[in-house]
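The structure appears right after this line, and notes come after that.
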Amino acid sequence: MSEARGRKVGVEYRIEDLAHHSGATVRTIRAYQDRGLLPRPERRGRSNVYGEAHLARLRQIADLLDRGYTLASIKELLEAWDTGRGLGGVLGLAAEVDGPWTDEKADRITRAELDAAFGGAPDEAAVADAVSLGVLEPVAGREDEFLVPSPQELAVAVELHAAGVPLSAIAGHLRELRGQVEHIASRFLDFTTEHVFARYLGHHPPTEADAAEAASLVRRLRPLAQQSVDAELARAMRLFATRHLRQQLDPSPAADPVEEPQSVTLPASTMRAVKALVGESNAAAFIAAAAEREVQSRRLDSLTTTRRKQRIVG
């Protein structure tokens, strides 16, 4: 920073210096200018001069990209900011949603501690599984150390393994459980968006007041999903554990089990397509009929193939 006549003059950058300080490339900076995301530089003779406002804008764009916004939506937000509609409320809402959804703190564990927790024998396949699932995260520059985002999740795996469950089975169970929990989370978000947040997020971008109110609601509603799942899981475990124990202890021969309906997780895009085709009230029946038709078709194909083979042998 230079000074002239006792007054501070703002820092000035060439485009290469701006790229260095912001972490963006020269090509990216020029692309942002072309798309209207970044103000044009000031022309000084044959040189373009950038200032602190350009650096701040580049950092804003990087922050919004990290939060998952597209360049088109970022442009809309920045235009709202430039016209005085405010960006603070939207950024506050984004920070609230991106914040931790649990009080649990991440921890670290060495490879020696990890091996000891699981019986002492190194298992490279199990460690690779844990890394792919995000249960363990490698620490840069430390080959013998891992970050543990959820110590509780790792502790559950330790206890299950100590009880005799193979590590491969634990990883498979976690994959299945994760898919089901992600479906629950998606449904909860759809539900709250439809009945709560739609009134605040109808404007693009939302007003400062609406974004602030939505952020406040996120703070209030954040624990509700986990509380609902905890209560329902406790109810289901009590019901099924009692039934399972009774079946295990009953000396009489087991009767033919009554087949119960089973739920299957479908991609949200598939469900939307089905609802658009037959309506929400008919979606379940349509999916069941389609599955049954596919089963019958495959049975017929199998019978046809078997008959053809018999004729060839004959």
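The values are calculated or read from the model by the stated rules, or taken from the named source; none is laboratory data. Nothing here was measured: the structure is a model prediction, and the numbers come from that model. Positions of Cβ are generated from backbone atoms using ideal geometry, with glycine treated the same way; all protein chains shown enter the neighbour counts. Remember, those area values only see protein heavy atoms, side chains included, never the ligands or the DNA or RNA. Shrake-Rupley method; radii C 1.70, N 1.55, O 1.52, S 1.80 Å.
For the reader, a short list of remarks on this structure follows.
- Relative packing of 37-44, 281-288, 211-218, 52-59, which averages over residues the other C-beta atoms within 10 Å, highest first: 211-218, 52-59, 37-44, 281-288
- Rounded to whole Hz, the Karplus (6.51, -1.76, 1.60) HN-Hα couplings of segment 57-65, x for glycine and proline: 5, 4, 5, 4, 4, 4, 5, 5, 4
- Note, ³J(HN,Hα) from phi for segment 143-152, Karplus 6.51, -1.76, 1.60, rounded to Hz, x at Gly and Pro: 5, 9, 9, 10, 8, 10, x, 10, x, 5
- Whole-number accessible area per residue in Å² for segment 10-74, which is evaluated in the context of all protein chains at 1.4 Å: 61
- Once backbone amide H atoms are built at 1.01 Å from N, ARG108 has VAL148 as its partners under 5 Å, excluding neighbours fewer than 5 places away on the same chain.
- Under 5 Å between amide hydrogens, built in the peptide plane, is the criterion, and for VAL11 it picks out GLU52 among residues at least 5 positions away or on other chains.
- Cut-off under 5 Å, modelled amide H: who pairs with ASN48 long-range: none
- Couplings 3J(HN,Hα) for segment 108-124, derived from phi with the Karplus relation 6.51 cos²θ - 1.76 cosθ + 1.60 (θ = phi - 60°), are 10, 9, 7, 5, 5, 5, 5, 4, 5, 5, 10, x, x, 9, x, 9, 5 Hz, where x marks Gly and Pro.
- Part-to-part distance (alpha-carbon centres) for segment 206-225 and segment 111-148, which is given in Å: 38
- Environment charge of GLY23, counting only residues whose C-beta is closer than 15 Å and scoring Lys/Arg +1, Asp/Glu -1: -1
- Projected label points at LEU277 and LEU245, each 7 Å from Cα along the beta carbon direction, are separated by 4.6 nanometres.
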